[in-house]
Amino acid sequence: MNVLIVYAHPEPKSLNGSLKDFSVRHLQAAGHSVQVSDLYGMGWKAVIDASDSTVRARTDRFEPAMESMAAFQNHTQTADITSEQEKLVWADMVILQFPLWWYSMPAILKGWFERVYACGFAYGVGEHSDTRWGDRFGEGMLVGKRAMLIVTAGGWESHYSERGVNGSMNDLLFPIQHGILFYPGIEVLPPHVIYRTGKIDETRFSKECEALAARLDALETDKPIAFRHQNAGDYDMPALTLREGLAVSKHGFDIHINDDEFEKN
């Protein structure tokens, strides 16, 4: 299996750095091919702007979607964007590893998606009509790939529970897992989250590595989160609202996960 690790932490000697190195060794020992995009180490440019195209589609104003689509189609993207897109195409499995900063991913990782997910490459594809709203949320250019988040958090696990003060970890990660990864068709495995990172000693680090190894060993077999496919009939078109009678006992982001054995149809 081809595994791409997109890694976002500025300190190589950090817990994240050690976990990333462990993952690379473990995956390679298991026979997988691994590439790492170390965003801080690469000096990744996080801001999308007009310089991302070597030949501008228009010069009077900058429209990110239009410019990215023209650059993708005309092969006028900058080399760093093209290289990361090629890694995504190569990968069977994408691992995003990052610390949870201010309830989300680090800005540099968000900037990776904003620049690499060019229009026509990751979005803006497929028929857009009253009966179909593009190839997305279960369909798209990256169908057939899997992804998993490896996230570190300083707080206790209870702080990120359903009744925790920080909100549910699943809710915090929903925009990434559903809105960024599932959007172009990637199947998303449940995240691997490590809590109380400031309290990790050598003994606990060994246990965390054991737990991470178990998740890495199951990348090909773990069941993905059952996000609803947009064009499979669960959503009314063109409003794109969940059909009446579905997920009647749920609320919030959970309505977009179809893990019910029986639903009222």
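We did not get these values from a lab; they are worked out from the coordinates using the rules stated. In this text, all values refer to a predicted model and were calculated from it rather than measured experimentally. Cβ coordinates were reconstructed from backbone atoms using ideal geometry, including for glycine residues, and neighbour counts include every protein chain displayed.
Taking the stated definitions as given, is Ser104 surrounded by 14 or more Cβ atoms within 10 Å (Cβ to Cβ), small (Gly, Ala, Ser) and within 27 Å of Glu210 (Cβ to Cβ)?
Values: surrounded by 14 or more Cβ atoms within 10 Å (Cβ to Cβ): yes; small (Gly, Ala, Ser): yes; within 27 Å of Glu210 (Cβ to Cβ): no.
When the stated conditions are applied, Ser104 does not pass them.
I need every pair where a residue in the range 182-193 that is under 12 Å from His229 (Cβ atoms) has its Cβ under 7 Å from the Cβ of a residue that is β-branched (Val, Ile, Thr), sequence separation at least 6 or different chains.
Phe182/Val188; Gly185/Val143
If a residue must be among the polar types (S, T, N, Q) and in contact with a strand residue (DSSP E or B) (Cβ under 8 Å, 6 or more places away or on another chain), how many such residues does the range 219-237 contain?
So the first thing to find is which residues in the range 219-237 are among the polar types (S, T, N, Q), and the list is 221, 230-231.
With in contact with a strand residue (DSSP E or B) (Cβ under 8 Å, 6 or more places away or on another chain) added as a condition, the list becomes 230-231.
Residues in the range 219-237 being among the polar types (S, T, N, Q) and in contact with a strand residue (DSSP E or B) (Cβ under 8 Å, 6 or more places away or on another chain): 2 in total.
Please verify whether the range 178-196 includes one or more residues that are in contact with a Leu (Cβ under 8 Å, 6 or more places away or on another chain), part of a helix (DSSP H, G or I), surrounded by 15 or more Cβ atoms within 10 Å (Cβ to Cβ) and not aliphatic (A, V, I, L, M).
Scanning the range 178-196, I find no residue that is in contact with a Leu (Cβ under 8 Å, 6 or more places away or on another chain), part of a helix (DSSP H, G or I), surrounded by 15 or more Cβ atoms within 10 Å (Cβ to Cβ) and not aliphatic (A, V, I, L, M), so the answer is no.
Looking only at the range 50-65, decide whether some residue is touching a residue at least 24 places away in the same chain (Cβ under 8 Å), loosely packed, with under 14 Cβ neighbours inside 10 Å and within 30 Å of Asp171 (Cβ to Cβ).
yes
Look through Phe72, Phe113, Phe98, Phe137 and report the one residue that is within 29 Å of Val193 (Cα to Cα), part of a helix (DSSP H, G or I) and touching a helix residue (DSSP H, G or I) at 6+ places or on another chain (Cβ under 9 Å). If you could, list the steps in order and put the result at the bottom.
Details: Phe72 fails: within 29 Å of Val193 (Cα to Cα); Phe98 fails: part of a helix (DSSP H, G or I); Phe137 fails: part of a helix (DSSP H, G or I).
Result: Phe113 is the single residue among Phe72, Phe113, Phe98, Phe137 that is within 29 Å of Val193 (Cα to Cα), part of a helix (DSSP H, G or I) and touching a helix residue (DSSP H, G or I) at 6+ places or on another chain (Cβ under 9 Å).
Across the range 36-69, what is the total count of residues that are part of a loop (DSSP other than H, G, I, E, B) and within 16 Å of Lys110 (Cα to Cα)? I'd like the intermediate steps shown before the answer.
Here is the first cut: in the range 36-69, the ones part of a loop (DSSP other than H, G, I, E, B) are 43-49, 54-63.
Okay, now just the ones that are also within 16 Å of Lys110 (Cα to Cα), so 43-49.
Qualifying residue count for the region: 7.
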